[in-house]
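Report on one structure; see the data block that follows.
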Amino acid sequence: MHRHRQSREELRIGLFGGTFDPIHNGHLAVARAARRRFRLDRIYFIPCGRPPHKDRPGLSPYLHRFAMVVLGCAGEPGLLPSLLEAGPGWRGLRRSYSIDTVRRLRRLYGPQARLYFLLGADAFLYLPTWKHFRQLIRLCDFIVAARPGFSWRRAARRVLPAVREARGGRSGSVHFLPAVRVALSATRIRRAARGGSRLAGTVPRAVADYIQKMNLYRRG
């Protein structure tokens, strides 16, 4: 009760969106590294509804993906599961746009809190194609996590000029997070689960148990 309460003006809030089908140890390692490096007070893990840039056939039902995020974030200080993109009935059927999610958090925390959008270098390459890109750039900073096979320099050359233009000549809203040495792919994890392989070392144990008990990736 006597702890100092941090004002909204001092808060540094991270947003980490994705399909999280499933959340894995690579996601968690990136989030931990970003939280330490940029002194983030919390990072919201936000499973998307229908991703606008990749309508993947066979995407697991929203509440299964959210349940895995809850299990993955359990016991992780400052990493919080979020239903911001669940949509009506928590069914995740609506297309998810980052601009809408960032606006909601901006309304919640006010204009002085600092918002950081965490994404991989592969997604960063396509940032100028996102809905209301110019408005999004003005509402939050971006933390770009290095990904195997994707060059940060190439991404910077391609995207930073558009960022500078949108921000009136300033590009300080983009920050680089060096590679975290956990190279995992949700696609490979789903394939392993489908074949009955053990998932130890790829996802948190509670997530592996959930995948097995719910028979998530062995359907059909």
Which residues' amide hydrogens lie under 5 Å from the amide hydrogen of L177, considering only partners 5 or more residues apart or on another chain, with H built in the peptide plane?
V144, A145, A146
Between the modelled labels at R42 and H132 (7 Å from Cα along Cα→Cβ) the distance in nm is 2.3
Measuring from its Cα centre, the chain shows a charge dipole (+1 at each Lys and Arg Cβ, -1 at each Asp and Glu Cβ) which, in debye to the nearest 20, is 280
Between R104, R114, R32, find the one with the highest GNM mean-square fluctuation for the chain; connect C-alpha pairs within less than 10 Å.
R104
Putting +1 on Lys and Arg Cβ atoms and -1 on Asp and Glu Cβ atoms, find which of G49, C140, P128 reaches farthest to the positive end of the dipole of the range 8-214.
P128
FRET efficiency, A29 to R91 (Cβ-Cβ, R0 22 Å, nearest 0.05)
0.15
Using a Förster distance of 35 Å, how high is the FRET efficiency between I99 and R198, based on the Cβ-Cβ distance and rounded to 0.05?
0.30
Of H64, L115, L199, whose Cα points farthest to the positive end of the dipole of the range 8-214 (charges on the beta-carbon: +1 Lys, Arg; -1 Asp, Glu; origin at the Cα centre)?
L115
Arranged by the count of other C-beta atoms within 10 angstrom, fewest first, what order do W90, W130 take?
W90, W130
For an R0 of 35 angstrom, estimate the FRET efficiency from the Cβ-Cβ distance between Q212 and A146 and round to the nearest 0.05.
0.65
Please say if the range 83-129 is rounded, prolate or oblate, where rounded means a/c under 1.5 for a ≥ b ≥ c the square roots of the C-alpha gyration tensor eigenvalues, and otherwise the choice is prolate for a/b larger than b/c and oblate otherwise?
oblate
Rounded, prolate or oblate (a/c below 1.5 giving rounded, otherwise prolate when a/b exceeds b/c) for the range 61-114 by Cα gyration tensor
oblate
If you rank L119, L108 by fewest surrounding Cβ atoms within 10 Å, what's the result?
L108, L119
GNM of the chain, Cα pairs under 10 angstrom: of F38, F117, F16, the biggest fluctuation goes to F38
Please report R190, R154 as a ranked list, fewest other C-beta atoms within 10 angstrom at the top and most at the bottom.
R154, R190
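Values in this text are rule-based calculations from the coordinates and carry no lab data. Since we're looking at a predicted model, the values are computed, not measured. FYI the Cβ positions are ideal-geometry reconstructions off the backbone, even for glycines, and counts take in every protein chain you see.
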